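> Have a look at this one before I ask anything.
The values are calculated or read from the model by the stated rules, or taken from the named source; none is laboratory data. Predicted model, so just to flag it, every value in this text is computed and none were measured. As a convention, Cβ positions derive from the backbone with ideal geometry for all residues, glycine included, and neighbour counts pool all protein chains shown.
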Ligand code: ADP
Ligand code: MG
């Protein structure tokens, strides 16, 4: 089973940033409103994610580490309409198989918190407020071949920051902090949506500016539309925006960061058709769809999804975006 977990880890845990993503997913699934990430050496020495979510009861700590143990899905019906970030029950097991992992958790009702060491199974009383801290030390210490593929701490740190940013952009109601080697690098407080002047529209532009820079907001226009099966919200930037790169393109479906060629193509062609620019535009788009139309269970990383009727979505997107882009014309 150890071997199977390590094989699974190859798919789920590629680098520190994949661990950060999974642990923050779990914190958000637990209803956290504050998430603090602490890293040492780009996450290779230590990744710690602390949340103020509902916690894990002592008698379920060990279960949380078991492969395919998830508290989030009960049956096949749930799997067809996944709303939580996690559902495969493999992230913790996989991570624990390639690191020194510990869980410290407190619920609303226990007299005190408990700490579980994954390697030894040792469980002991601990002190902390309601919520969970998961510490991952010495990632890939037992799989040197994989550790060898890690880049410099600076590069791994950048990937971790990106992972947090992807969560933060879509959860302005949650505060995120990132510490690296004892220094506070990101400190994004929860912020309500801002009503935009002259528009009957509230968008979390403060969080977007925190995460992507003030110019991202200054040089863009809001998008809000509903077309057939899809509700959209977002921000579209002029292609000549200085920071615009292919990686400043953020697509979310039902609050999940995803990559989808068809939908990215719809945005790209809308830009090309309206603005005729050559440069990569920057954009942020949140789509809300009936979860039954999105299959998120096609890849362990959950970044790839399968969309039902993706051509209809392509059209909906193109039709919603083109009139907004017309307003960006110089
Ligand atoms: P999944 O998220 O797919 O269910 P994971 O391996 O990521 O699988 O987590 C296993 C289980 O551990 C979760 O289903 C959840 O019950 C519990 N868990 C993990 N992290 C947390 C957390 N931060 N707060 C509360 N429960 C958690
Ligand atoms: Mg999970």
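> Being without any contact (Cβ under 8 Å) to a residue 40 or more places away in the chain, assigned to a strand (DSSP E or B) and within 24 Å of residue 289 (Cβ to Cβ) narrows it down to one of 233, 224, so name that one.
Going through 233, 224 in turn, the sole match is 224.
> Which of (1) in a helix (DSSP H, G or I); (2) not assigned by TED's automatic domain parsing to the domain that holds residue 64 is the odd one out, the single condition residue 145 does not satisfy?
That leaves (2) as the condition not met.
> Counting only residues that are surrounded by fewer than 21 Cβ atoms within 10 Å (Cβ to Cβ) and either at pLDDT below 95 or on the phi > 0 side of the Ramachandran plot (or both), which one in region 30-55 is nearest to ligand 2 (Cβ to nearest atom)?
Only one residue fits best here, namely 31.
> Please count how many residues of region 77-92 are outside any loop (DSSP other than H, G, I, E, B), more than 10 Å from ligand 2 (Cβ to nearest atom) and either modelled with pLDDT of 60 or more or under 19 Å from residue 150 (Cβ atoms) (or both).
2
> Further question: From the list 27, 62, pick out the single residue that is touching a residue at least 60 places away in the same chain (Cβ under 8 Å), touching a strand residue (DSSP E or B) at 6+ places or on another chain (Cβ under 9 Å), assigned to a helix (DSSP H, G or I) and away from ligand 2 (no atom under 15 Å from the Cβ).
Exactly one residue qualifies, and that residue is 62.
> When you go through 17, 108, 69, 58 one by one, which is the residue that is at pLDDT 95 or above and loosely packed, with under 15 Cβ neighbours inside 10 Å?
108
Rundown of residues vs (1) within 16 Å of ligand 2 (Cβ to nearest atom); (2) in contact with a helix residue (DSSP H, G or I) (Cβ under 7 Å, 6 or more places away or on another chain); (3) assigned by TED's automatic domain parsing to the domain that holds residue 66, yes/no style:
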{"residue": "94", "(1), (2), (3)": "yes, yes, yes"}
{"residue": "97", "(1), (2), (3)": "yes, yes, yes"}
{"residue": "101", "(1), (2), (3)": "yes, yes, yes"}
{"residue": "116", "(1), (2), (3)": "no, yes, yes"}
{"residue": "125", "(1), (2), (3)": "no, no, yes"}
{"residue": "129", "(1), (2), (3)": "no, no, yes"}
{"residue": "139", "(1), (2), (3)": "no, yes, yes"}
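> If you take the residues in region 207-221 that are free of Cβ contacts under 8 Å to residues at least 12 places away in the same chain and under 18 Å from residue 168 (Cβ atoms), which one is farthest from the chain's Cα centre (by Cα)?
So in region 207-221, the residues free of Cβ contacts under 8 Å to residues at least 12 places away in the same chain come out as 209, 214, 218.
So of that shortlist, the ones also under 18 Å from residue 168 (Cβ atoms) come out as 209, 214.
Numbers: 209: 18, 214: 22 Å.
Here the answer is 214.
> Let me ask something else. I'm trying to understand the selection: among the residues of region 251-269, which are surrounded by 18 or more Cβ atoms within 10 Å (Cβ to Cβ) and in contact with a helix residue (DSSP H, G or I) (Cβ under 7 Å, 6 or more places away or on another chain)?
251, 252, 254, 257, 263, 266, 267, listed by residue number.
> Anything in region 174-203 that is within 22 Å of residue 49 (Cβ to Cβ) and without any contact (Cβ under 8 Å) to a residue 60 or more places away in the chain? List them, or say none.
182, 183, 184, 185, 186, 187, 188, 189, 191
> Which residue out of 44, 19, 49 is assigned by TED's automatic domain parsing to the domain that holds residue 174, more than 10 Å from ligand 1 (Cβ to nearest atom) and under 16 Å from the mean Cα position of the chain (by Cα)?
Answer to the check: 19.
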